[in-house]
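*Asks:* Before anything else, here's the structure in question.
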Amino acid sequence: MSPTDPRTGTRDSVSQSYLTASLLALWLTWRKIERQLERIADRANPILVKETRQALKSRQFISTFLLILAACWIASLGGMAIIGPQIYYAAAGSEMLLAYYAILAFPLTIIVPYSAYRSLATEQEENTYELLSITALSPSQIVNGKLGSAMVQMLIYLSAVSPCIAFTLLLRGVEPLTVAVLLLHTVLGSMGLSMLAILAGAVSRVNYSQILVSVGLVLILTWTFGLAMASAATFVYEGYSTLRERSFWIANLAVLTFYFTTFALAYTAATARLSFASANRSTPLRWAMLIQQACFLGWMAALASAEGGASILATVFASGFILGIYWYLMGTLLTGEWPHLSQRVQRTLPQSTLGRMLFTWFNPGAGTGYLFSVANLTAVVAAGLIVLFSIKPSAAARWPVFNESAAYFLVIGWGYVVAFLGLGRLLINITRRFTYLPLAGCFLLHLVLLMMASGLPLAARLMVSRRQFSSTGSVLEITNPFLTLEPYTSSSAAPTNAPLTTIMVLTAALVVLLLNLRSVVRELQHHRIALPERVVEEEAALHPPQIPAPSNPWEHQ
Amino acid sequence: MIQPRRPLIELRQLRRYFGETRAVDDVSFEVHSGEVFGYIGPNGAGKTTSMRILATLDEPTSGDALVDGFSVVEDPDRVRTRLGFMPDYFGTYRNVNVRDYLDFFARSYGLHGRRRLRAIDYVMRFTLLDQLADKPIDGLSKGMKGRLCLGRTMIHDPAVMVLDEPAAGLDPRARIELREMIAQLAANGKAILISSHILTELAEICNKIAILEKGRLLTVGSIAEISAQAEIVCQVHLSLLTGTDRLQRWLENCDGVRDVSVVDTHFSLTHEGGPNEQALLLRQIVEAGFEVVEFSSKTKSLEDIFLHVTEGRVQ
């Protein structure tokens, strides 16, 4: 009965050699994986590596982690004690999920983003940022490192709570899709908040602004935590029906589009803020703005075509209103840029005629910034007008009247944005002749101008007897855009003074545009310059021209 | 890649104004490979400002600074890979040990794999920190932190090192060690720009010095050259074999000589003029038939030169 094989020896020895071979294969595979992991770790972002090491040694992180674990235990034991034997048949999963969600949402919406902010702020307070900025790390690597570090923390907190969340799936009242959507939203929300916190850290460099930003950030994060809890409660209880609605997913897609484009904008803004002064800080930001606008218009167009009818007007109104405010706000920042173009930027300017025609408005500078804002808004208004005038009158015959009101709204709104941005830019130019004016100062100057133009006539009207003026929308208060535009949104018929208002506002806008045109044209005339000799020399040394390989044996000779 | 003829540091009419204050005003000089260049001046003279511009931490109002031919304004990325800057603060992180700190900066300068590990080991040995590899930075003494910062500055083997007050607050032993390290780095071909208030130490390691005051460059050159420019009046000592009385009378009639005192055969006098004039005086004495056995003049120290050149004004 011996299991001996005359050729290979005993069965035991065969199985032993199989086992050895399997173990060897396993060990070799593990070594391969380990080497790959080492390679990944070696190439990982230095800030991510450093901050992960720091976090693992920091008391704050360890105590937060332990507190979360303790809170999870308390919630589990307390919850089960309260629910009691009903846990086997009652729909208690929702309540338990909400309790765990509160434990998870607190670090994800408050601690992680605030730590990301503090991480950058501390670098600036303790002068390590200067040391970091003169290394070979690019600004985007610095932002990636800080963001990556926030994500690692987020994942650790998530891994601490996830067993408890998985436990709720064993109870009644919760379905996996609800949990997945809830967690996805929370993680994305936390990432977005961390990005905004990093932007806040990049923007606030001096002590007093850091204190202000710090307080503001804590308030916003606390409010977001409350909002997340309220939304989660609604979603968990109504999730089953909500998840089966098509509109929910479409709305989610729309929100995600807004989220990703805003994330990209915040990312490019933070990177720009950390860049060296001679770098091109503006062009990536303008691309991000343009893409965000395109996405927004795409969604609005999809909404209008899907709904049709009266919603087209609402969409045009909403698009004009939102993008008017958007380009005004972006314009206040873009017109605050320095008109001087560094040689470094001039090396990368578009060179061909077509390139100059298409991309010159992306060049940094206050003039091109003004042009960029005005051109984008003009495109939006033009598209809106085309849509409005292409709508056929309905049987009820009220469309043409309402279209007229909407058209006036778009045109007058355009005029206000062009005029206020242009005036603000002229004021910035004048102020900068006498004193240094930073970007934040330019933004404030624009706001003060808008407030004065809106508030002074209103104050004058309130001081004088009201009978001397007509009601709101008077031509005497034409400098107030809010008051002037309000009648066009609340009534289907355009006010009687609409043509006069339009002429006045458009005239002012065109005059301001012409006043700005000279300096804008000066900025548009920049041409690409050649690389310095030393740079060419180094590039040639780093990337020597490829010598083509011989294609036949005679080429060797 | 680095051409020996090209200066590794070049300041071209560098200016940096903060409102009305001219922190750096028309400063130009060059530092070549293997040179240790001392940057001297009273507080507020503009040393740190110009060093920060070189390190791409600040921008000049006008003019330019070049590192290995690259402008710090237009090509800061290329400058950063070639330059190590040690500021007058430590800039350390919490919960980080010595090795991790150097590892972080090695990674940040783009060193990977074995190259990074070798660089860290070399720097720790060079700065004598290898015994403290696992010690948290917070627990290091000031001298050790200074060494660590020097290690961080040289981790990517830069061709140019800019050291702002590296010896401040160090004990004598640490200063001597730092001086030796700097000399060794210069011997390895690095161009080193160093500022310090400890002038005696600078005098020992610097090939060239520049003296700044109120943002303006007062003088630049080797210590001997500047000393020669500065020594308008100096003490001369001479001894004779014989003829003491005759020489005393001869000296009293000599132009540029005053305060002659005699003790035995040893003379002490004040002479107006630099080394050239002293050589002429010696020749005249010998030609007059006096048997000179000793002729010496007290060379001015860097501190004397500094006090002579600067006026002690601040802005």
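*Asks:* So B:VAL31 passes all but one of these: (1) open to solvent by 10 Å² or more (accessible area, probe 1.4 Å); (2) more than 9 Å from every other protein chain (Cβ to nearest Cβ); (3) over 19 Å from B:HIS156 (Cα atoms). Which condition number does it fail?
*Replies:* Just one mismatch for B:VAL31, condition (1).
*Asks:* Between a residue in the stretch B:201-217 that is closer than 12 Å to B:ASP26 by Cβ and any residue that is of a type in the set (Phe, Trp, Tyr), which pairs come within a Cβ distance under 8 Å, given they are 6 or more apart or on different chains?
*Replies:* So the pair list comes out as B:LEU212/B:TYR39; B:LEU217/B:PHE29.
*Asks:* Before we move on, is A:ILE83 more than 14 Å from every other protein chain (Cβ to nearest Cβ) and within 32 Å of the chain's Cα centre (by Cα)?
*Replies:* No: the conditions fail for A:ILE83.
*Asks:* What is the residue count in the stretch A:182-211 for residues that are over 21 Å from the mean Cα position of the chain (by Cα) and of a type in the set (A, V, I, L, M)?
*Replies:* Residues in the stretch A:182-211 being over 21 Å from the mean Cα position of the chain (by Cα) and of a type in the set (A, V, I, L, M): 2 in total.
*Asks:* Here is a check on your reading of the model: is B:ASP26 modelled with pLDDT under 95 and within 12 Å of chain A (Cβ to nearest Cβ)?
*Replies:* no
*Asks:* Separate question: Before we move on, is A:THR262 touching a residue at least 24 places away in the same chain (Cβ under 8 Å), closer than 18 Å to A:ASN144 by Cβ, β-branched (Val, Ile, Thr) and outside the structural domain of A:LEU439 (by TED's automatic domain parsing)?
*Replies:* yes
*Asks:* Further question on the same structure: Only residues that are at positive phi, in contact with a Lys or Arg (Cβ under 7 Å, 6 or more places away or on another chain) and more than 14 Å from every other protein chain (Cβ to nearest Cβ): list them for the stretch B:42-62, please.
*Replies:* Scanning the stretch B:42-62 gives no hits.
*Asks:* Which members of the stretch A:331-356 meet the condition of being closer than 20 Å to A:LEU513 by Cα and either out of contact with any Lys or Arg (no Cβ under 7 Å at 6 or more places or on another chain) or aliphatic (A, V, I, L, M) (or both)?
*Replies:* If the condition is that a residue be closer than 20 Å to A:LEU513 by Cα and either out of contact with any Lys or Arg (no Cβ under 7 Å at 6 or more places or on another chain) or aliphatic (A, V, I, L, M) (or both), then A:GLY331, A:THR332, A:LEU333, A:LEU334, A:GLY336, A:GLU337, A:TRP338, A:PRO339 are the ones that fit.
*Asks:* With A:THR501, A:THR496 as the choices, which residue is over 35 Å from the mean Cα position of the chain (by Cα) and either open to solvent by less than 50 Å² (accessible area, probe 1.4 Å) or within 14 Å of chain B (Cβ to nearest Cβ) (or both)?
*Replies:* A:THR501
*Asks:* Considering every residue within the stretch A:262-281, establish whether at least one is loosely packed, with under 15 Cβ neighbours inside 10 Å and within 30 Å of A:HIS340 (Cα to Cα).
*Replies:* Taking every residue of the stretch A:262-281 in turn, at least one turns out to be loosely packed, with under 15 Cβ neighbours inside 10 Å and within 30 Å of A:HIS340 (Cα to Cα).
*Asks:* Taking the stretch B:249-276 only, how many residues are in a helix (DSSP H, G or I) and either crowded, with 16+ Cβ neighbours inside 10 Å or at positive phi (or both)?
*Replies:* Counting residues in the stretch B:249-276 that are in a helix (DSSP H, G or I) and either crowded, with 16+ Cβ neighbours inside 10 Å or at positive phi (or both) gives 2.
*Asks:* Mind telling me which of the residues B:GLY151, B:GLY143, B:GLY91 ends up being in contact with a helix residue (DSSP H, G or I) (Cβ under 8 Å, 6 or more places away or on another chain) and at the interface with chain A (Cβ under 9 Å from one of its Cβ atoms)?
*Replies:* B:GLY91
Yes/no per residue for (1) within 14 Å of chain B (Cβ to nearest Cβ); (2) in a helix (DSSP H, G or I); (3) surrounded by 20 or more Cβ atoms within 10 Å (Cβ to Cβ):
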{"position": "A:SER140", "(1), (2), (3)": "yes, yes, no"}
{"position": "A:LEU147", "(1), (2), (3)": "no, yes, yes"}
{"position": "A:ILE156", "(1), (2), (3)": "no, yes, no"}
{"position": "A:ALA166", "(1), (2), (3)": "no, yes, no"}
{"position": "A:LEU188", "(1), (2), (3)": "no, yes, no"}
{"position": "A:ALA197", "(1), (2), (3)": "no, yes, yes"}
{"position": "A:VAL215", "(1), (2), (3)": "no, yes, no"}
{"position": "A:LEU219", "(1), (2), (3)": "no, yes, no"}
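*Asks:* Between B:ARG99, B:ARG78, which is at the interface with another protein chain (Cβ under 9 Å from one of its Cβ atoms), in contact with an Asp or Glu (Cβ under 8 Å, 6 or more places away or on another chain) and open to solvent by 30 Å² or more (accessible area, probe 1.4 Å)?
*Replies:* One residue alone meets the criteria, B:ARG78.
*Asks:* Which one of the conditions (1) modelled with pLDDT of 85 or more; (2) loosely packed, with under 12 Cβ neighbours inside 10 Å; (3) part of a helix (DSSP H, G or I) does A:ARG467 fail to meet, given that it meets all the rest?
*Replies:* It fails just one condition, (1).
*Asks:* Something else about it: Name, by its number, the condition in (1) small (Gly, Ala, Ser); (2) surrounded by 15 or more Cβ atoms within 10 Å (Cβ to Cβ); (3) not in a helix (DSSP H, G or I) that does not hold for A:ALA90.
*Replies:* So A:ALA90 meets the others, but not (2).
*Asks:* Just one of B:ILE194, B:ILE182, B:ILE176 is without any contact (Cβ under 8 Å) to a residue 12 or more places away in the chain and either under 25 Å from B:PHE306 (Cα atoms) or surrounded by fewer than 23 Cβ atoms within 10 Å (Cβ to Cβ) (or both); which is it?
*Replies:* On inspection, the qualifying residue turns out to be B:ILE176.
*Asks:* Also, I was wondering about something else. Report, by residue number, each residue of the stretch A:184-200 that is in contact (Cβ under 8 Å) with a residue 40 or more places away in the chain, closer than 17 Å to A:PHE235 by Cβ and hydrophobic (A, V, I, L, M, F, W, C).
*Replies:* A:VAL187, A:LEU188 - these are the residues of the stretch A:184-200 that are in contact (Cβ under 8 Å) with a residue 40 or more places away in the chain, closer than 17 Å to A:PHE235 by Cβ and hydrophobic (A, V, I, L, M, F, W, C).
*Asks:* I'm trying to understand the selection: among the residues of the stretch B:272-290, which are at pLDDT below 85 and touching a helix residue (DSSP H, G or I) at 6+ places or on another chain (Cβ under 9 Å)?
*Replies:* Of everything in the stretch B:272-290, those that are at pLDDT below 85 and touching a helix residue (DSSP H, G or I) at 6+ places or on another chain (Cβ under 9 Å) turn out to be B:GLY273, B:GLY274, B:PRO275, B:ASN276.
*Asks:* Which residue is surrounded by the fewest Cβ atoms within 10 Å (Cβ to Cβ), if the candidates are limited to the stretch B:291-306 and must be among the β-branched types (Val, Ile, Thr) and at pLDDT 85 or above?
*Replies:* Per the stated criteria, the residue is B:VAL293.
*Asks:* Further question on the same structure: Collect the residues in the stretch A:98-128 that are within 14 Å of another protein chain (Cβ to nearest Cβ), within 25 Å of the chain's Cα centre (by Cα) and open to solvent by 20 Å² or more (accessible area, probe 1.4 Å), keeping them in residue-number order.
*Replies:* A:SER115, A:ARG118, A:SER119, A:THR122, A:GLN124 - these are the residues of the stretch A:98-128 that are within 14 Å of another protein chain (Cβ to nearest Cβ), within 25 Å of the chain's Cα centre (by Cα) and open to solvent by 20 Å² or more (accessible area, probe 1.4 Å).
*Asks:* Checking the conditions here, which among B:ARG125, B:ARG115, B:ARG107, B:ARG147 is within 19 Å of the chain's Cα centre (by Cα), of a type in the set (Lys, Arg) and open to solvent by 10 Å² or more (accessible area, probe 1.4 Å)?
*Replies:* Exactly one residue qualifies, and that residue is B:ARG147.
*Asks:* Same structure again: Filter the stretch A:17-72 down to residues that are open to solvent by less than 90 Å² (accessible area, probe 1.4 Å), among the charged types (D, E, K, R) and away from every other protein chain (no Cβ under 12 Å), then give me how many there are.
*Replies:* So the count comes out to 2.
*Asks:* Report, by residue number, each residue of the stretch A:430-450 that is assigned to a helix (DSSP H, G or I) and either outside the structural domain of A:PRO339 (by TED's automatic domain parsing) or open to solvent by 50 Å² or more (accessible area, probe 1.4 Å) (or both).
*Replies:* A:ILE430, A:ARG433, A:PHE434, A:LEU439, A:ALA440, A:PHE443, A:LEU444, A:LEU447, A:VAL448
The values are calculated or read from the model by the stated rules, or taken from the named source; none is laboratory data. Just so we're clear, the structure is a prediction, and the values are computed from it rather than from any experiment. Every residue, glycine among them, receives a Cβ derived from its backbone with ideal geometry; neighbour counts consider all protein chains shown. Side chains are part of the model used for accessible areas, which takes the heavy atoms of the whole protein and leaves out ligands, DNA and RNA. Shrake-Rupley method; radii C 1.70, N 1.55, O 1.52, S 1.80 Å.
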